[in-house]
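Right, one structure below, let's go through it.
The values are calculated or read from the model by the stated rules, or taken from the named source; none is laboratory data. These numbers were taken from a predicted model, which means no experiment stands behind them. Here the Cβ positions follow ideal geometry from the backbone for every residue, glycine too, while neighbour counts run over all protein chains shown.
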Protein chains: 2
Amino acid sequence: MAAHRKAHDAAARKTNLTRQREVVLEVVTDAEHHPTAAEVFEQAKKRLPTISYATVYNSLRYLKDAGLILEITFGNGASRYDSETSRHDHAVCTGCGKLVDFDLTETVELMRAAARRTHFKPASIHLTLVGLCPDCRSD
Amino acid sequence: MAAHRKAHDAAARKTNLTRQREVVLEVVTDAEHHPTAAEVFEQAKKRLPTISYATVYNSLRYLKDAGLILEITFGNGASRYDSETSRHDHAVCTGCGKLVDFDLTETVELMRAAARRTHFKPASIHLTLVGLCPDCRSD
DNA sequence: ATTAGATTTAGAATTATTCTAAATCTTGTT
DNA sequence: AACAAGATTTAGAATAATTCTAAATCTAAT
């Protein structure tokens, strides 16, 4: 069935982004902060009232595996999702919980150094600065 | 109400290190991998059969706040605890889930750079290398 | 139209963690 | 030693985050 395989793959690729996955992706992309699954569910329901919680989780996992979004976890509470998939770093505010994106170019070198040190085959490196954001710092 | 148990030594009493907190700290320190709260509970029960789950969590929080252990969270599942409190980095294996400690001296500079970039008042910086450990890398 | 396979749905189940209220322990005072 | 105030522990309930289940629905290929 080699002849059919090609057509199937093309079609599958096209249709695998179902309506609900599309909506979930839109919600994550449109969000100005990095939403939790619960927040995505809430917003997704506005665009697709029948969507279920499980589908939001399934879609988030699908989109993550497909490389279209990133999952971010730090200390307390729920995972957050990020539509910015190019490599970047995060800063978390211990005062208000705000999560900010930034990019340190040094991390490319750093990943090599870390891989050398640990003998791991590197896939990615995550750097999180913890501290007080400009609004919360008292000094 | 006879005293069935010896009193703690003076140092422990002074620092609020109760018997259960002491046991929890020992378990985390003795563990060769970074245990979850559930694993700590299991081991702690062997040394102090009446200890409760809530006390394990309370103790872990107490020890964390006291700076005696660190809490580590990455992507999936439960928090893990680490008795190595000096600043260091982690590498997680996507194959077997192994978590390895290492230290990159470059991170001191990095925290400054990150703080400059984000205008955060830095408290700490966390770096996690994700990849395949020596045992899991196929090449 | 039929079938196979994937996806969605609602809700149950599971896992991780926190909360509650009563019991117990510690410490300081008498 | 007795006593009270305050901290800690305990068991279990409660909550939060996430995954699982099984039936219904959709999609693509016959």
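Annotations
- Condition met for A:Thr50 (part of a helix (DSSP H, G or I), of a type in the set (S, T, N, Q) and either at pLDDT below 90 or farther than 15 Å from A:Leu99 by Cβ (or both)): no
- Residue match in the range B:109-127 (condition: of a type in the set (Asp, Glu), under 27 Å from A:Leu70 (Cβ atoms) and more than 12 Å from the chain's Cα centre (by Cα)): yes
- Residue tally, condition within 23 Å of B:Val92 (Cβ to Cβ) and either in contact (Cβ under 8 Å) with a residue 60 or more places away in the chain or in a helix (DSSP H, G or I) (or both), over the range B:15-40: 10
- Residues satisfying the stated conditions in the range B:99-139, i.e. of a type in the set (Lys, Arg) and either touching a strand residue (DSSP E or B) at 6+ places or on another chain (Cβ under 8 Å) or at the interface with another protein chain (Cβ under 7 Å from one of its Cβ atoms) (or both): B:Arg112, B:Arg117, B:Lys121, B:Arg137
- Options B:Glu26, B:Glu39, B:Glu71: the member that is of a type outside the set (Ser, Thr, Tyr) and over 30 Å from A:Ala115 (Cβ atoms): B:Glu26
- The range B:79-107 residues that are closer than 26 Å to B:Phe41 by Cα, paired with ones that are among the hydroxyl-bearing types (Ser, Thr, Tyr) and part of a loop (DSSP other than H, G, I, E, B) (beta carbon under 7 Å, 6 or more apart): B:Ser79/B:Thr73
- Test for B:His90: is it within 20 Å of the chain's Cα centre (by Cα), more than 7 Å from chain A (Cβ to nearest Cβ) and not in a loop (DSSP other than H, G, I, E, B): yes
- Residue check, A:Asn76 polar (S, T, N, Q) and at the interface with chain B (Cβ under 9 Å from one of its Cβ atoms): yes
- Residue that is surrounded by the most Cβ atoms within 10 Å (Cβ to Cβ) [pool: residues in the range A:28-81 that are charged (D, E, K, R), over 22 Å from B:Val130 (Cβ atoms) and more than 14 Å from DNA strand C (Cβ to nearest atom)]: A:Glu39
- Failed condition for B:Val130, given (1) under 28 Å from A:Asp101 (Cβ atoms); (2) surrounded by 17 or more Cβ atoms within 10 Å (Cβ to Cβ); (3) modelled with pLDDT of 90 or more; (4) in contact with a Ser or Thr (Cβ under 8 Å, 6 or more places away or on another chain): (3)
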